[in-house]
Amino acid sequence: MARPSHPKKEVEDALRHAEGQGWRVEVGSSHRLGGCICPYNDEECRCGEFCITSVWGTPKNPGNHAHAHALRRVVDNCTTHREQREADDDAKE
């Protein structure tokens, strides 16, 4: 079953970005819409098992795009993903 869309377009775009990078979006309930979970089970990961970030249904300031920006930042700064991107960039040169 497909997950429901986030009511804020900016956050929905960030969730699609995460899914495009292999992250899994799990649906929660109430104000915590769910969570984004990193696809890598890596010892270098921030929490030692998986990178996880919460997705809020009613972010504090949805108008300033802060929540969407924070989601993208977590995905883009994933240690393992960043190292793989750098290795791919080096291989292209």
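The values are calculated or read from the model by the stated rules, or taken from the named source; none is laboratory data. Remember, it's a predicted structure, so these values are computed and weren't measured experimentally. All Cβ positions, even for glycine, are placed from backbone atoms using ideal geometry, and neighbour counts span all protein chains on display. Just so you know, the surface numbers come from the protein's heavy atoms only, side chains and all, with ligands and any DNA or RNA stripped out. Shrake-Rupley method; radii C 1.70, N 1.55, O 1.52, S 1.80 Å.
Looking across the stretch 60-93 at every residue that is among the hydrophobic types (A, V, I, L, M, F, W, C) and surrounded by 11 or more Cβ atoms within 10 Å (Cβ to Cβ), the one that is modelled with the lowest pLDDT is identified as 66. The residues of the stretch 4-59 that are of a type in the set (Lys, Arg) and modelled with pLDDT under 75, listed by number, are 32, 46.
Just so you know, in the stretch 18-30 the residues that are closer than 15 Å to residue 54 by Cα and assigned to a helix (DSSP H, G or I) include one that is most open to solvent (accessible area, probe 1.4 Å), and it is 19.
Taking first residues from the stretch 67-87 that are over 22 Å from residue 11 (Cβ atoms) and partners that are modelled with pLDDT under 85, the Cβ contacts under 6 Å between residues at least 6 apart in sequence or on separate chains come to 79/44; 80/40; 80/42.
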